[in-house]
Amino acid sequence: MKILIAEDEEITLKTLELRLKRDGHEVILARDGREALSKIEEHSPDLVISDIMMPYVSGLEIIAAIKENYPDRKIPIIILSGMGQEDTVLEAFQLGADDFITKPFSPNELTVRVRRFDMMKAK
Amino acid sequence: MIYFEVVTLIFLGIAFLMICFIMINLTIRKNRRKKYAKSKLMADLLIRNAIFSEHDDAVTDEPFPITGRTQKMLSNPHFKRLLTKELLAAKNNISGVSALNLKKLYIQLNLDKDAEERLRNCKKWHIKAKAIQELGVMEQKEYLNKIYRCTNNKNELVRMEAQTTIVKLYGFEGLRFLDIISYQLTEWQQIKLLKELSQLPPENFSGIEKWLKSKNNSVIVFALKLARNYHRFELYEQVVECLTHEMENIRLETIYTLEKIYNADTANILLERYEHETLKNQKTIVNVLQNIASDENIPTLINFLEQGDNDLKRMIVRTVANINPASIFQLKELPEANSHPLSQIIKQIEGELI
């Protein structure tokens, strides 16, 4: 699966990248929201994993942009949120996010969640 | 002519020196950047190996392999600082077995001992505070005694960090530092502690009773907030006692707390207290009574309309109308109901009721 990760924190970005690569996925990295939007257009990923708090364009804006620009493609979105961001998570779901992972997250949990979308895609 | 040549020479000399200075400076910076990149790469490698160790499902006793080069680098304080920073960032974002592996690496590299030494020997407050935070993030419970001692440190930021870390590591049990602190808990610190506690499953912790009688006024305020947030009905009597405390702020917090743990007598107790209170607390009592008073308290409330400013009068009318909307007719029958300001206030509240 081709996965785009949008995350401004280097260590989290690298962890996600390594884990997903090890799980056999193709990974595209974006270090801010603006870069994420342009890479989504360029690479058409099968899944987007995005942090909520990011410079220039937030995770919520990314969800809104994906839903608006690719209404037919149905790109699933997993959002990464910090503890105590329940309201933002709800807003993300209202905008069309498909799943969320709370930081601190377990890489094993990430694998399982991504696998779910992989299976859905295979169906 | 000679003068011109001398000036040119001086100018060229200065220009030459400046170019040399810039070149040296650029080289030093370039080398520093190179060194930093190398250190970062090594730190990243160490962390990556820990996060994605061969044993993904469990933490083993086997130490992580550390190369001789890394071992040598560890004697460099800059590298150690960078590695610690990266480890903390990773630990803050990762949980599960990977987080336990990061903790294991932290201990294996003796970074905990480093933090402990900084905590013990360093006189700079920001280094102490950072060391406490580090031990907290890395869940180093064995340093409890040293961190606990800092909960009453003379520096506000050191004691704030120590108090938050103790609560992070020990939950409600960690609150026992409230027994000993002599410095005031700032409003901000109270918010931080309550936020930390809100992430834990609520439990019937002990100590509030003692803290309600503390010599430290901020501890009493915090204890009242705890009693309120965790609905500690069994502490009702002790909370009521705080209504007569000499500090206005403590009495105010008590009123708010009673709103959350009230019983059938609370409205009467607050009404008895009303006349001894400051205007601010009187307004709070009237506001709280909106939620806990009953019809039988209405005559007393109406009597209070004789005193206070227009805002207080408006609050009383609103409370009376909220307790029982029909009581607005009772208010209209008052002799002063036809004169300013009560007539306007009654009209306004009537409008709110529609």
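The values are calculated or read from the model by the stated rules, or taken from the named source; none is laboratory data. Computed from a prediction, not measured in an experiment: that's the story for all the values here. Counting neighbours? That spans all protein chains shown, and the Cβs are built from the backbone with ideal geometry, glycine included. These area figures cover heavy atoms from the full protein model, side chains too; ligands, DNA and RNA do not enter into them. Shrake-Rupley method; radii C 1.70, N 1.55, O 1.52, S 1.80 Å.
Does B:Leu175 qualify as being within 27 Å of B:Ile47 (Cβ to Cβ) and of a type outside the set (Asp, Glu)? Spell out how you get there, then give the answer.
Values: within 27 Å of B:Ile47 (Cβ to Cβ): no; of a type outside the set (Asp, Glu): yes.
So B:Leu175 does not fit the description; no.
Would you list the helices (runs of 4 or more DSSP H) that sit entirely within the range A:8-123 and hold 1 or more residues that are within 14 Å of chain B (Cβ to nearest Cβ) and open to solvent by 60 Å² or more (accessible area, probe 1.4 Å)? Write out each step before concluding.
Details: elements: A:10-22, A:33-43, A:59-69, A:86-95, A:107-122.
Result: A:10-22, A:86-95, A:107-122.
Can you tell me which residue is nearest to A:Ser81 (Cα to Cα) among those in the range B:82-96 that are hydrophobic (A, V, I, L, M, F, W, C) and more than 7 Å from chain A (Cβ to nearest Cβ)? Break it down stepwise before answering.
Step one: of the range B:82-96, the residues hydrophobic (A, V, I, L, M, F, W, C) are B:82-83, B:87-90, B:94.
If we keep only those that are more than 7 Å from chain A (Cβ to nearest Cβ) too, we end up with B:82-83, B:87-88.
On the way: B:Leu82: 25, B:Leu83: 25, B:Leu87: 20, B:Leu88: 18 Å.
Looking at residues that are hydrophobic (A, V, I, L, M, F, W, C) and more than 7 Å from chain A (Cβ to nearest Cβ), I get B:Leu88.
Just checking: which of the helices (runs of 4 or more DSSP H) contained wholly in the range B:93-148 hold 1 or more residues that are closer than 24 Å to A:Leu13 by Cα and within 24 Å of the chain's Cα centre (by Cα)? Full working, then the answer.
Working: elements: B:96-108, B:111-121, B:125-137.
Ranges flagged: B:125-137.
Within the range B:34-54, is even one residue assigned to a helix (DSSP H, G or I), touching a Pro at 6+ places or on another chain (Cβ under 7 Å) and either of a type outside the set (S, T, N, Q) or exposed (fewer than 10 other Cβ atoms within 10 Å of the Cβ) (or both)?
Yes, that holds for at least one residue.
A quick yes/no check of all residues on (1) open to solvent by 60 Å² or more (accessible area, probe 1.4 Å); (2) in a loop (DSSP other than H, G, I, E, B); (3) in contact (Cβ under 8 Å) with a residue 40 or more places away in the chain; (4) in contact with a Phe, Trp or Tyr (Cβ under 8 Å, 6 or more places away or on another chain):
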| residue | (1), (2), (3), (4) |
| --- | --- |
| B:Ile255 | no, no, no, no |
| B:Ile269 | no, no, no, no |
| B:Asn281 | no, no, no, no |
| B:Asn287 | yes, no, no, no |
| B:Val317 | no, no, no, no |
| B:Leu331 | no, no, no, no |
| B:Glu336 | yes, no, no, no |
| B:His340 | yes, yes, no, no |
| B:Glu352 | yes, no, no, no |
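Which condition number in (1) open to solvent by 40 Å² or more (accessible area, probe 1.4 Å); (2) within 28 Å of B:Val97 (Cα to Cα); (3) at pLDDT 95 or above is the one that B:Lys168 fails?
The failed condition is (3).
When you go through B:Glu5, B:Glu62 one by one, which is the residue that is without any contact (Cβ under 8 Å) to a residue 24 or more places away in the chain, open to solvent by 40 Å² or more (accessible area, probe 1.4 Å) and within 28 Å of A:Asp23 (Cα to Cα)? Walk me through how you get there before you give the answer.
Working: B:Glu5 fails: within 28 Å of A:Asp23 (Cα to Cα).
B:Glu62 is the lone residue from the list that is without any contact (Cβ under 8 Å) to a residue 24 or more places away in the chain, open to solvent by 40 Å² or more (accessible area, probe 1.4 Å) and within 28 Å of A:Asp23 (Cα to Cα).
Restricting to the range B:257-267, what's the tally of residues that are among the acidic types (Asp, Glu) and either open to solvent by less than 70 Å² (accessible area, probe 1.4 Å) or touching a strand residue (DSSP E or B) at 6+ places or on another chain (Cβ under 9 Å) (or both)? Break it down into steps so the answer makes sense when it comes.
Looking only at the range B:257-267, we keep the residues that are among the acidic types (Asp, Glu), and these are B:259, B:265.
Filter once more, keeping what is either open to solvent by less than 70 Å² (accessible area, probe 1.4 Å) or touching a strand residue (DSSP E or B) at 6+ places or on another chain (Cβ under 9 Å) (or both): B:259.
Residues that pass the stated criteria total 1.
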